Amino acid sequence: AEPKLSLRFVLPDGSARHMQRDQAEPLGRALARIATNAAKGHGKSGKKSKKARAEGDAEGEAAVPVVRLFSRDGAAVAEEVPNAAAWQDGAVLHIGDARYRVERNPPALTELRLPRSLLAGFPVCPKVSAEFAAPQHCLFRWFREQRPADGGDAAGEAWVETAAAERVFTPSNALVGLRLKLRCTPGDGEQRYGPAHEVESSGPVEAGPGACTFDARHLYTKKVCGHGSIRAVSYNILADTYAQTEFSRTVLYPYCAPYALEIDYRQNLLKKELVGYSADLICLQEVDKSVFVDSLAPALDAFGLEGLFRIKEKQHEGLATFYRRDKFSLLGQHDIAFSEALLSEPLHKELCEQLAKYPLVQEKVLQRSSVLQVSVLQSTTDPSRKLCVANTHLYWHPKGGNIRLIQIAVAMSHIKHVARDLYPSIPVIFCGDFNSTPSSGTYSFISSGGIAEDHEDWVSNGEEERCSMSLSHPFKLLSACGEPAYTNYVGGFHGCLDYIFIDRNALEVEQVIPLPSHEEITTHQALPSVSHPSDHIALICDLKWK
């Protein structure tokens, strides 16, 4: 669909050429350009040579080779044929005596990167971007640095190939102290391969932390569950934006080793944790944009999960929803920002008018950048089974119960619009960090379907911010993982703030994966720690269709 095409070739003298031409341009003009490009003494001094030609420099003319393009069946391609049609696979380009076989849209790598931090026992997931190729069809070869003790002489090969030929490589303890190298050959799944690229790790493999809080949980999630079941995960993964501040290091998480708060370290733990849950749906909160693009999406993609991201305006973090490709396909995305939707969507007109009576609260609600991510999925094996997957992260302030009630009212109206109006009565799974304990108005509203105007949360920040209204929604929702003692455990607070709400009419809970023991959580005082990458704990449950 791009207006230009690019041509690359290497001349017999070894110099590479890369040209951009219009797809609609007649072939003759492109061939003439290739000829002047290939001519001796041209190349870098192109401007001079044009001038020389204009003055009829006979020597210049003599150096220009004959350039012609022949189709696969040996016929010369006419010069008036546009570039887009002329350059076909298997055609042959003649530049003087040299012959080139044309490869149209060959597989090519556009990006190959290794993570900055490598830990023994933790999966290394490269970021692979390609054109006319797909990571699952590329070839991967992993190498480790040669140790001096390996007996290789200094001038010899510095790298030793490992037995690994998969996209994801988990270094063993034997590789601690050694750097890694990856050689990737892009492929398109039809036995066509492009030029290989290599990338070396910036540092050596380091020793891992030993046992992690999620190791025991992985014993329950070794396999992906069957087609009638759905394994769902909800997890606030602690954005780097908040973990790396002076306030976090000294006030919020003073008990956490500084290196364990660093994003590269936490990413290693997170990827291993998430991959080990073999989930079908993963809803994450506090996802830094760069973490999604460079780390989580490539890693989970290698394990069959497709990712969707929604940034919070004003912030560098947002929400991510991943779904298993062989179980679900995406029918539609219906994300909103609460403040924007409240003002602009007719759906929320009544709520907006009620809120206008309370200017102080209205101002606070409209200042928040909180978002709601809504994805509609369809089962790949039974197209009649559709699912509305919602994911959110509500306002955090302990006294902001009234703000959260308004946010959740907007969320429920929007979900109703998607799961009742746009897709008639499809089941809902609503995950997130609701920043609300089981005794809160928000939790009560979600699970009971309504809230009275005299609920104490309407005055959560004092009388001057009272905003009383009665709200309702039509769903029958159940907290699939119940009400754990806590899903967030930091030095100054622990409580249950995260939930996976499910549509009890259509779904039932098959099993809840047990949370880590209190002993595991408090081994290093609180969270995060060297063995746990966030201040929250992932919720995991297996659901089945009724």
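Taken over region 254-383, the convex hull of the Cα atoms encloses 144 Å³ per residue. Protection proxy ranking, highest mean first, for peptides 175-187, 73-85: 175-187, 73-85, where packing is the per-residue count of other beta-carbon atoms within 10 Å, averaged.
Dipole of the chain (Lys/Arg Cβ +1, Asp/Glu Cβ -1, origin at the Cα centre): which of G203, L319, L387 lies farthest to the positive side? Positive-end residue among those listed: G203.
Placing a label point 7 Å from the Cα of Q511 along the Cα-to-Cβ direction, the residues of region 457-498 with a backbone N closer than 18 Å are 480-482. Mind giving me the nanometre distance, one decimal, between the label points for E313 and R141, set 7 Å out from Cα along Cα→Cβ? Reported label-point gap for E313 and R141 is 5.1 nm. Highest-first packing order for the peptide set 465-471, 367-373, 407-413 is 407-413, 367-373, 465-471, based on the mean count of other beta carbon atoms within 10 Å.
The order of the peptides 347-354, 283-290 by mean Cβ neighbours within 10 Å, most packed first, is 283-290, 347-354. Each distinct pair of alpha carbons in region 194-321 adds a 1/r term; the inverse of their mean, the Kirkwood radius, is 16.4 Å.
Of the solvent-accessible surface of region 213-545, computed with a 1.4 Å probe and all protein chains present, 52% belongs to carbon and sulfur. Taking every DSSP bridge with both residues inside region 213-545, close to 85 percent are antiparallel.
Taking 27 Å as the cut-off for C-alpha to C-alpha distance, list the pairs among K272/K327; K181/K222; K272/K364 that go past it. Let's see the in-between values first.
Details: K272/K327 22 Å; K181/K222 29 Å; K272/K364 38 Å.
Checking Cα-Cα distances, K181/K222; K272/K364 exceed 27 Å.
How much accessible area per residue does the chain have, in Å², with a 1.4 Å probe?
That works out to 46 Å² per residue.
The sum of -39500 (n - 2.57) across all DSSP H runs of n ≥ 4, divided by the residue count of the chain, sets its helix-only mean residue ellipticity at 222 nm to -5500 deg cm²/dmol. Separation of region 129-202 and region 374-427, taken as the distance between their Cα centroids, equals 43 angstrom. Solvent exposure of K399, expressed as accessible area, is near 110 Å², computed with a probe of 1.4 Å over the protein chains only. Using a/c under 1.5 as the rounded threshold, could you call region 161-258 rounded, prolate or oblate? The axes a ≥ b ≥ c are square roots of the C-alpha gyration tensor eigenvalues, and prolate needs a/b larger than b/c, oblate otherwise. Judged from the Cα gyration tensor, region 161-258 comes out oblate (a/c at least 1.5, b/c at or above a/b). In order along region 475-491, the Karplus-derived 3J(HN,Hα) couplings, from 6.51 cos²θ - 1.76 cosθ + 1.60 at θ = phi - 60°, round to 8, 10, 10, 10, 6, 4, 9, x, 10, x, 4, 7, 10, 9, 9, 10, x Hz, and Gly and Pro are given as x.
A cysteine counts as unpartnered when no other cysteine's C-beta lies under 4.7 Å of its own; in the chain this applies to C125, C138, C184, C212, C225, C256, C352, C388, C467, C481, C496, C541.
The magnitude of the dipole of region 213-545, with charges of +1 and -1 set on the Cβ of Lys/Arg and Asp/Glu and taken from the Cα centre, is near 760 debye.
Averaging over every viewing direction, what projected area does the convex hull of the Cα atoms of region 375-438 cover, in nm²?
Dividing the Cα hull surface by four gives the mean projection, 4.8 nm².
Shape descriptor for the chain: Rg over Rh equals 1.08 (Cα atoms; Rh from the Kirkwood inverse mean 1/r).
Computed over region 438-546, the P(r) curve from all C-alpha pair distances, binned at 5 Å from the origin, holds 2, 11, 17, 15, 16, 15, 12, 8, 3, 0 percent per bin. Close amide H pairs (under 5 Å, H built 1.01 Å from N) link L471 with I451, residues at least 5 positions away or on another chain.
Derived scalar couplings between HN and Hα for region 198-213 equal 10, 9, 10, 6, 6, x, x, 5, 10, 5, x, x, x, 5, 10, 4 Hz in order, rounded to whole Hz, by the Karplus curve 6.51 cos²θ - 1.76 cosθ + 1.60 (θ = phi - 60°), x for Gly and Pro. Of the residues S248, A356, I451, the one whose Cα sits farthest toward the positive end of the charge dipole of region 213-545, with +1 on the Cβ of Lys and Arg and -1 on the Cβ of Asp and Glu, is I451. Considering only A506, V376, L180, the residue lying farthest towards the positive end of the dipole of the chain is L180, judged by Cα position with unit charges set on Cβ. Computed from backbone phi with θ = phi - 60° and the Karplus coefficients 6.51, -1.76 and 1.60, the 3J(HN,Hα) list for region 134-139 is 9, x, 5, 9, 7, 9 Hz; x is used for glycine and proline. Using 1/(1 + (r/R0)^6) with R0 = 60 angstrom and r between the beta carbons of S448 and R249, what's the FRET efficiency to the nearest 0.05? After rounding, the FRET efficiency stands at 0.90.
The values are calculated or read from the model by the stated rules, or taken from the named source; none is laboratory data. Computed from a predicted model, the values in this text were never measured in an experiment. Note that each Cβ is placed from the backbone with ideal geometry, even for glycine, and that neighbours are counted across all protein chains shown. Calculation scope for accessible area: heavy atoms of the full protein, side chains included, ligands and nucleic acids excluded. Shrake-Rupley method; radii C 1.70, N 1.55, O 1.52, S 1.80 Å.
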